[in-house]
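Written below as structure tokens is the structure these notes are about.
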Amino acid sequence: MDFKKLIVCQKSLELAMDIFEVSKNFPKEKTYSLISQLIRSSR
């Protein structure tokens, strides 16, 4: 069975992409600290 067909895999990828999109709107002075933490935790 291909793991990419699992619903949990699809949902986790959607969530990771949502977090990435939201992080684009963060203030530029907080870019490194907040975005890097969010991206690490989402993976």
With the charge dipole of the stretch 3-42 built from beta-carbon charges (+1 for Lys and Arg, -1 for Asp and Glu) about the Cα centre, the Cα from 23, 38, 3 projecting farthest to the positive end belongs to 3
Taking the alpha-carbon distance from residue 24 and a cut-off under 24 Å, which lysines remain once sequence neighbours fewer than 8 residues away in the same chain are dropped? 11
Please identify the chymotrypsin sites (Phe, Trp or Tyr not before Pro) of the chain that satisfy two criteria: DSSP loop assignment and at most 11 other Cβ atoms within 10 Å. Which are they? none
Do any trypsin sites (Lys or Arg not before Pro) in the stretch 3-40 lie in a loop, going by DSSP, with at most 15 other beta-carbon atoms within 10 Å of their beta carbon, and if so which? 24
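Values in this text are rule-based calculations from the coordinates and carry no lab data. None of these values were measured; they are calculated from a predicted model. Every residue, glycine as well, gets a Cβ built from its backbone with ideal geometry; the counts of neighbours run over all protein chains shown.
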